[in-house]
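Contents: one structure, followed by commentary.
Just so you know, all these numbers are worked out from the coordinates, no wet-lab data involved. Here the structure is a predicted model, which means the values were calculated and not measured. Glycine gets a Cβ as well: all are built from the backbone with ideal geometry, and neighbour counts include every protein chain shown.
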Amino acid sequence: MKTSLVTGGASGIGIEFVKLLLKDNYKVFIVDNNKNNIENLKDKLDSNNYESIYEDLCYEKSPDKIYKKLKKENIDILINNAGFGTYGKFYETDWQIEKRMLNLHVINTTHLTKLFLKDMIKKNDGKILNISSIAAFQPGPLMALYYATKAYILHFTEAISNEVKDKNITISVLCPGQTNTNFQRNVSSIKNKIKFNTSSPTKVAKYGYDALHNNVTVSIPGIFNKFLVNLNRFLPRSISTNIVKYIQEKNRN
Ligand SMILES: NC(=O)c1ccc[n+]([C@@H]2O[C@H](COP(=O)([O-])OP(=O)(O)OC[C@H]3O[C@@H](n4cnc5c(N)ncnc54)[C@H](OP(=O)(O)O)[C@@H]3O)[C@@H](O)[C@H]2O)c1
């Protein structure tokens, strides 16, 4: 049986990956730290070919724990999707929450990738999809660490994807723009106001999933998002940084 692992798979873009994998007859292991969402999975999924693992991926020991549990399952597809955002000036925001974000987005995404990639290299087969964001392409005042961690995920993934080009392994990174999930609701102080160019998690997940299967290294869903990312190449960095600050203030204050 083909097997897969989706982190943050109990909600948003993650649960849409789970649906796509189930449709393609993968057994799916879903790691998430939201008990309610895990309990509700049975009502949201058409198949029971999945197993949920309650785990907070902000802890240093989590990747080893998950790997130990799943090593024998011979994971064919790993999707590092779990993530969250914080909003505010860096000198005012909560370090304990930010440390959790750095552990989740940077340390543990990297660690899980290393653990499962080593086995994929041994069998010369496997796929890894990491979830970054269009935030990865420029600095993000008021969400400084979120943008920086997503830039890390983008660069890290592109680099290791290049390293495995001669193997039967695909490593891909999906960079969504604003997507209608709890992520947006959690990171907005009231409610995000900019509605245009908002995508559905179903479309975003399908775009990334297809890109992974078509061997595309970096995928950016949506024409406007592609435009924004490419616009950065022509603007001085100080101007794109100011534009992001303006958008974040307008959107979330
Ligand atoms: N939505 C957007 O606009 C957008 C845009 C670009 C990129 N992304 C990225 O897309 C990915 C998925 O986000 P989403 O929009 O689908 O958000 P979401 O609906 O909040 O789903 C994320 C899931 O990951 C879980 N999670 C968070 N921290 C975790 C941890 N420490 N350990 C295990 N599970 C954890 C969440 O649980 P909780 O409910 O407890 O937090 C939630 O179930 C994230 O990496 C995000 O940065 C989102």
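The label-point distance for Val218 and Asp94, in a model that sets each label 7 Å from Cα toward Cβ, rounds to 3.4 nm.
Along region 47-64 the Karplus relation, 6.51 cos²θ - 1.76 cosθ + 1.60 evaluated at θ = phi - 60°, assigns HN-Hα couplings of 10, 10, 7, 9, 9, 9, 10, 7, 7, 8, 7, 8, 8, 4, 7, 4, x, 4 Hz to successive residues, with x for each Gly and Pro.
Helical content of the chain, expressed as a calculated mean residue ellipticity at 222 nm, amounts to -14500 deg cm²/dmol (DSSP H runs of 4 or more residues, -39,500 (n - 2.57) each, divided by residue number, nearest 500).
Calculate the tail of P(r) for the chain: the fraction of all Cα-Cα distances greater than 29 Å, expressed in %. Of the Cα pairs, 26 percent sit more than 29 Å apart.
Computed from the alpha carbon positions, the gyration tensor of region 1-146 leads to an equivalent ellipsoid with semi-axes of 27, 18, 14 Å, biggest first. Under a model in which nothing but the beta-carbon of Lys, Arg (+1) and Asp, Glu (-1) is charged, the chain shows a dipole of about 300 debye around its Cα centre. For Lys69, neighbours were defined as the other residues whose beta-carbon sits under 10 Å from its Cβ, and their charges (Lys and Arg +1, Asp and Glu -1) total 0. Restricted to Cα atoms, region 84-141 shows a radius of gyration and a Dmax of 15.2, 48 angstrom.
Over region 81-223, the fraction of Cα-Cα pairs per 10 Å bin, rounded to whole percents and listed from the shortest bin up, is 11, 39, 34, 13, 2. Give me the Debye-computed log₁₀ of I(q)/I(0) at q = 0.14, 0.18 Å⁻¹ for region 133-215, equal point scatterers on Cα only, no solvent, two decimals. Results for region 133-215 at q = 0.14, 0.18 Å⁻¹ read -0.57, -0.88.
Highest mean first, the peptides 165-176, 8-19 sorted by other C-beta atoms within 10 Å per residue fall in the order 8-19, 165-176.
Given Cα pairs under 8 Å that are at least 6 residues apart, what percent is the relative contact order of region 3-252? Across region 3-252, relative contact order equals 19 percent. Relative to the longest principal axis of the Cα atoms of the chain, the long axis of helix 201-213 lies at roughly 60 degrees.
With a cut-off of 17 Å on the backbone N, the residues of region 206-220 near the modelled label site 7 Å out from Asp125 along Cα-Cβ are 213. Pairs exceeding 31 Å between alpha-carbon atoms, taken from Lys44/Lys122; Lys27/Lys245; Lys99/Lys123; Lys68/Lys245; Lys19/Lys123; Lys127/Lys150: Lys44/Lys122; Lys27/Lys245; Lys99/Lys123; Lys68/Lys245. Summarising the amide proton neighbourhood of Ile53: residues at separation of 5 or more, or on other chains, whose placed amide H is nearer than 5 Å comprise Ile30, Val31, Asp32. Taking other Cβ atoms within 10 Å as a rough exposure proxy, His105, His155, His111 sort from fewest to most as His155, His111, His105.
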